Amino acid sequence: MENVITGGASHNTQPQASRGAGLDGQFFTLVNGTKVSFKDPTPKGDHILDKAGAKPAGDYVLIQLLRHGSRSVGLDETVDLRMEGTEEFRAFKGDRIFRFTLNGHSYEWGVNAIPEPELRLLCHVHSDEALVVERDGTDIDLGPNDVLDLDKAGTEHLYTEKRLITVFFENDPREIPRGTYSTQQLKQLFAVQEGYVLEYINNEGHLMPLKPEGKLRVKDGMKFFEQVPCGGSS
Amino acid sequence: MRGLFVSDAANNFASIAAMHPEAVLLKEGGQPVILLPAFRFMAGDQPHVMDLLLVPFAHSGYITRLFFERKIEDRGANWNQHRVVERNWWAPSWNHVPEAMPWTKMLSAHLRAVT
């Protein structure tokens, strides 16, 4: 199999040869935060690991950090350090690769768990955004003390959402913290009169009354309306 | 007064169009009626999709009316067929939804007939 020369700011963009040699004439990158230099701008994965002190290289997984994603680099895969997207790597002792996606971008990682703060740094997630793990029906917000478990079968899918979201009550925008609310909490928030019914347009686009004891995960752009208890069969 | 009426209709229509962007403002006998193509709503916990026609003025003996493209079985009372804006519609007996009510609320109050 031929070696693949790789850089890559992301999987979707054409990498640019934008990185030059340092003042010492050597090409460099960071592995686990430590600067590693090479005379040859196109080292192989095992060479990068070796230079970073990850020995024997075969016992390690090398992960390349991209702008929107991360990928594993094979031991015999050539990396072109002149290309953008080759600024930073991580080396993990082990032989398994764990996968997840964030906002549709693919990530590979070398350990089965990532603390939320590290995930936030890795994925360049701003402090005004929440990290959310997709789950059928009840997506889970990751808090600063949470750890993303990648050891389960399948690929975890995550997305980011603004911490404050804009919803509409009777078409008037309201900025509220994202999250799950009880019907009563929402009625208080929107000052819905006692006896009136709060309705919203659900994911399928149906105008739907909220059940009195119900709960709703409120999402950005959601539309709410109040139903006046009037009318009757004549 | 006529200018005020036009402004109210425009504001009301803007609100109902924000709720349902496909809404179309039509006229019946010189008065505004609102066609809501493929409107999605719940009736007895069942999702329904059909054209609705909101008539925000007195019609056929009712203060205001909401017409349905199809009759909903086991929901609403005394369904009758009507012809409005050159089209056949179904409507249950449901009265006392005030004319002065904003159209979004009027629509919602009429949908109580089938919830």
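The values are calculated or read from the model by the stated rules, or taken from the named source; none is laboratory data. Just so it is clear, the model here is predicted, and its values are computed rather than measured. Counting neighbours? That spans all protein chains shown, and the Cβs are built from the backbone with ideal geometry, glycine included. Ligands, DNA and RNA are stripped out before the accessible areas are found, and what is left, the full protein with its side chains, is counted by its heavy atoms. Shrake-Rupley method; radii C 1.70, N 1.55, O 1.52, S 1.80 Å.
List pairs: first residue in region B:90-112 and within 7 Å of another protein chain (Cβ to nearest Cβ) and crowded, with 20+ Cβ neighbours inside 10 Å, second residue of a type in the set (S, T, Y) and part of a helix (DSSP H, G or I) anywhere in the structure, Cβ distance under 6 angstrom, at least six positions apart or on different chains.
Once the first residue is within 7 Å of another protein chain (Cβ to nearest Cβ) and crowded, with 20+ Cβ neighbours inside 10 Å and sits in region B:90-112, its partners that are of a type in the set (S, T, Y) and part of a helix (DSSP H, G or I) give B:T104/B:S15.
Which pairs have Cβ atoms under 9 Å, sit 6 or more apart or on different chains, and link a residue in region A:113-125 that is aliphatic (A, V, I, L, M) to one that is open to solvent by 40 Å² or more (accessible area, probe 1.4 Å) and part of a strand (DSSP E or B)?
A:A113/A:V147; A:A113/A:D149; A:I114/A:V147; A:I114/A:D149; A:L119/A:V147; A:L122/A:R90
A:Q227 is checked against (1) crowded, with 16+ Cβ neighbours inside 10 Å; (2) in the same structural domain as A:S106 (by TED's automatic domain parsing) and fails just one. What number does that condition carry?
Against the list (1) crowded, with 16+ Cβ neighbours inside 10 Å; (2) in the same structural domain as A:S106 (by TED's automatic domain parsing), A:Q227 comes up short only on (2).
Would you check if there is a residue in region B:36-44 being under 22 Å from A:Y200 (Cβ atoms), more than 9 Å from chain A (Cβ to nearest Cβ), part of a strand (DSSP E or B) and not aliphatic (A, V, I, L, M)?
There is at least one residue in region B:36-44 that is under 22 Å from A:Y200 (Cβ atoms), more than 9 Å from chain A (Cβ to nearest Cβ), part of a strand (DSSP E or B) and not aliphatic (A, V, I, L, M).
Please specify each residue of region A:199-224 satisfying the condition of being open to solvent by less than 30 Å² (accessible area, probe 1.4 Å) and closer than 21 Å to B:W94 by Cβ.
Scanning region A:199-224 gives A:E199, A:H206, A:L207.
Taking the stated definitions as given, is A:L207 touching a strand residue (DSSP E or B) at 6+ places or on another chain (Cβ under 7 Å) and more than 8 Å from chain B (Cβ to nearest Cβ)?
So A:L207 does not fit the description; no.
Please list, ordered by residue number, the strands (runs of 3 or more DSSP E) wholly in region A:118-198 having 2 or more residues that are open to solvent by 70 Å² or more (accessible area, probe 1.4 Å) and not basic (K, R).
Ranges flagged: A:172-177.
Quick check on my filter: what residues within region B:79-89 are away from chain A (no Cβ under 14 Å) and either of a type in the set (G, A, S) or part of a loop (DSSP other than H, G, I, E, B) (or both)?
B:V85, B:E86
Would you be able to say whether some residue in region A:27-35 is closer than 22 Å to A:F98 by Cα, open to solvent by 50 Å² or more (accessible area, probe 1.4 Å) and in contact with a Leu (Cβ under 6 Å, 6 or more places away or on another chain)?
No, every residue in region A:27-35 fails to be closer than 22 Å to A:F98 by Cα, open to solvent by 50 Å² or more (accessible area, probe 1.4 Å) and in contact with a Leu (Cβ under 6 Å, 6 or more places away or on another chain).
Any residue at all in region A:51-68 that's farther than 25 Å from A:E118 by Cα and of a type in the set (D, E, K, R)?
no
How about region B:45-78: which of its residues are in a loop (DSSP other than H, G, I, E, B) and within 11 Å of chain A (Cβ to nearest Cβ)?
B:D45, B:G61, B:I63, B:T64, B:G76, B:A77, B:N78
Could you run through region A:121-166 and say how many residues are closer than 21 Å to A:K219 by Cα and in contact with a strand residue (DSSP E or B) (Cβ under 7 Å, 6 or more places away or on another chain)?
Qualifying residue count, region A:121-166: 23.
Cβ-Cβ under 8 Å, sequence separation 6+ or interchain: first residue in region A:27-51 and free of Cβ contacts under 8 Å to residues at least 24 places away in the same chain, partner charged (D, E, K, R). Which pairs?
A:V36/A:K51; A:S37/A:D24; A:S37/A:K51
Kindly provide the set of residues from region B:52-89 that are over 19 Å from B:Q31 (Cα atoms) and open to solvent by 20 Å² or more (accessible area, probe 1.4 Å), ordered by number.
Listed by number, the residues that qualify are B:E69, B:R70, B:K71, B:E73, B:D74, B:R75, B:G76, B:A77, B:N78, B:W79, B:N80, B:Q81.
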